[in-house]
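Please treat every number below as a calculation from the coordinates, not as lab data. Model, not experiment: these values are computed from the prediction. FYI the Cβ positions are ideal-geometry reconstructions off the backbone, even for glycines, and counts take in every protein chain you see.
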Amino acid sequence: MAHSDDLTRRMLLKGAAGASALAGLGMPAIVKAQSDVIRIGHLTPVTGFLGPLGEFAQMGVKLAAEEINAAGGVLGRKVELVIEDSVNPQTASAKAERLIERDKVAMIIGEISSASALAIGQVANRTKTVFINTGANSDALRGASCNPFMFHIEAANSMMVTAVGTYLKTENMIKGKKWYSLTADYAFGHDLFRVAKKFVTENGGEFIGEELVPTDATDFSPYLLKIRQAQPDIVASNLAGNQITNFIKQYAEYGLQFPITGFGFDTAVAWGAGKGNFSGIWPLIWHHMVGTPSSKKFVEAFTKKYGKPPENQSWGDYNSLKIVAQSFNEMKAADPQKLAEHLRKGAKFDILKGREGYFRAYDNQMVQEMYAVRAKDSDKMKDQWDIYDPLGSVPGPNEDLEALAPPKDGICKMQA
């Protein structure tokens, strides 16, 4: 769903020839030629099974732009967003090139699909333009496919697994338990299942069922019948987007009692499942109950603007634009190559958590704390947004943040 505001009302049509050339890709939300603005590209899916998350991403980045401009902009110039729907990897690649070559954006923020993030990252590397990935989790993006211009505020799959796995171990839900998993059948899901299976088996668990689920699947009854027959101790989700919404809703409707957990999660997909359908223990990179002053301020501003609290995807896109604005001001230049150097030198940022975050130079992954949450019983929910209780942060307050980051195994080799 499109969200109209002062930024997105302003569109400049380039004439019939330009309109014809852009027909296959769609017009961007904002195109202006003035030199008194700093253009930032925002590219993320708002159609398809990841669409609900993309909508939250757009809300977050728009709020950040409004706040930055209200505070005087960046280097005395207004920030202007050029917003696009990435759709799929092929379209994402084409639109990333257009944002850089035609719209002259200073850098790009966004994405949720790991396959599309890889495509955007390749364009960013070739054009030496910074891309901050806000939603794609594949460890491969931080490994064999890493590059010096692709940064990750979003957590890698291995970080998500460790965050929730820490609490699953304390609840005796791994050792000696029989697991049944459902996995999204694309790059993200395959990578997530790989690291989840490694974690579970190394900690004494066993997978007795493994199902790949097409990204367009809406009927989970065949999988639920198999789960009922298998009688596992734990059911694990390696699903994504609307898949999770449909799965947990239908799981509740079938009345299955096997405990659920997930190794990847976004709050919006549980909100979409309806009251009383969400259950289990899940990982989150951030949630709207984090109690730091900056987090509370963000939640208040977002809720006032949109009538609902932000979720983790909003957090990533909001913070990424704030990080870019802070960096440009510190550098006294809106230069993408200098931005990459600045971020890789360990600059620290308030990311609405108990501790500041920073991008480590090895793989450009943001080093930060994460969280796990437990679903609430429906009779304890204050409203439709009040669906879980926080379990705590990982790593703990006195542990090194690097303990959660992907291992420095030498697979990521940054080009000179």
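Going by Cα centres, segment 213-229 and segment 173-197 are how many Å apart?
Cα centroid of segment 213-229 versus Cα centroid of segment 173-197: 15 Å apart.
What does the helix-only formula give at 222 nm for the chain: each DSSP H stretch with n ≥ 4 adding -39500 (n - 2.57), the total divided by the residues, and the result rounded to the nearest 500 deg cm²/dmol?
On the way: 13 runs with 158 residues, N = 416.
My calculation for the chain gives -12000 deg cm²/dmol from helical runs alone.
So, in nm, how far is label Lys332 from label Ser221 when the simple model puts each one 7 Å beyond its Cα toward the Cβ?
Inter-label distance under the simple model: 6.8 nm.
First measure r as the distance between the Cβ atoms of Lys380 and Lys345, then evaluate 1/(1 + (r/R0)^6) with R0 = 60 Å and state the FRET efficiency to the nearest 0.05.
Working: r = 46 Å, r/R0 = 0.77.
The formula returns an efficiency of 0.85 here.
Before anything else, pin down the relative contact order of the chain: Cα pairs under 8 Å, at least 6 apart, normalised by residue count, whole percent.
Working: 853 pairs, mean separation 72.2, N = 416.
Normalised by residue count, the contact order of the chain is 17 percent.
Report, in debye and to the nearest 20, how large the dipole of segment 86-194 comes out about its Cα centre when Lys and Arg carry +1 and Asp and Glu carry -1 on their Cβ.
Details: 12 positive and 9 negative charges, 38 e Å.
Using Cβ point charges on Lys, Arg, Asp and Glu, segment 86-194 gives about 180 debye.
Need the full-extension length gain, Gln90 to Ala144, defined as separation in residues times 0.36 nm minus the C-alpha distance. One decimal, nm. Don't skip to the end; give the middle numbers.
Working: separation 54, 0.36 × 54 = 19.44 nm, distance 2.03 nm.
Length gained, Gln90 through Ala144: 17.4 nm.
Rounded if a/c is under 1.5, else prolate if a/b is larger than b/c, else oblate: which is segment 158-284, with a ≥ b ≥ c the root eigenvalues of its Cα gyration tensor? The partial results should precede the final answer.
Working: a/c = 1.37, a/b = 1.26, b/c = 1.08.
It is rounded, given that a/c, with a ≥ b ≥ c, falls under 1.5.
For segment 149-206, which GluC sites (Glu not before Pro) are in a loop by DSSP, counting at most 14 other Cβ atoms within 10 Å?
On the way: sites: Glu154, Glu171, Glu202, Glu206; in loops: Glu154, Glu171.
Sites meeting the loop and neighbour criteria: Glu171.
Using 0.36 nm per residue of separation minus the Cα-Cα distance, give me the extension gain between Arg355 and Thr303 in nm, one decimal. Could the numbers behind the result be given before it?
Values: separation 52, 0.36 × 52 = 18.72 nm, distance 2.36 nm.
So the chain would gain 16.4 nm between Arg355 and Thr303.
Give, rounded to the nearest 20 debye, the magnitude of the charge dipole that the chain has about its Cα centre when Lys and Arg contribute +1 at Cβ and Asp and Glu contribute -1 at Cβ.
Working: 46 positive and 46 negative charges, 150 e Å.
Computed about the Cα centre, the dipole is about 720 debye.
Which listed residue (Tyr388, Met370, His190) has the Cα farthest towards the positive end of the charge dipole for the chain, taking +1 on Lys and Arg C-beta and -1 on Asp and Glu C-beta about the Cα centre?
Met370
So which of Lys297/Lys380; Lys308/Lys353; Lys177/Lys275; Lys177/Lys413; Lys305/Lys338 end up more than 32 Å apart by C-alpha?
Values: Lys297/Lys380 25 Å; Lys308/Lys353 20 Å; Lys177/Lys275 29 Å; Lys177/Lys413 38 Å; Lys305/Lys338 34 Å.
Cα-Cα > 32 Å for Lys177/Lys413; Lys305/Lys338; rest within.
What aspartates and glutamates does Lys408 reach when the alpha-carbon gap must be under 12 Å and sequence neighbours fewer than 8 apart in one chain are set aside?
Asp139, Asp363
Taking percent of Cα pairs over 29 Å apart straight from the coordinates, which label in (1) 51; (2) 54; (3) 42 is the correct one?
Computed from these coordinates, percent of Cα pairs over 29 Å apart corresponds to label (3).
Evaluate segment 80-188: find the radius of gyration of its Cα atoms, find its Kirkwood radius, and give the ratio Rg to Rh.
Numbers: Rg = 16.8 Å, Rh = 15.3 Å.
Radius of gyration over Kirkwood radius for segment 80-188 works out to 1.10.
For segment 298-409, what size does the Cα cloud have along each of its three principal axes, sorted from largest down, in whole Å?
So the three principal-axis extents are 52, 37, 21 Å.
Any idea how far apart Glu202 and Arg126 come out in nm if each label point goes 7 Å out from Cα toward Cβ?
Those two pseudo-labels are separated by 3.6 nm.
With +1 on each Lys and Arg Cβ and -1 on each Asp and Glu Cβ, how big is the dipole of segment 158-284 about its Cα centre, in debye rounded to the nearest 20? Write down the numbers at each step before the final one.
On the way: 11 positive and 12 negative charges, 70 e Å.
About 340 debye.
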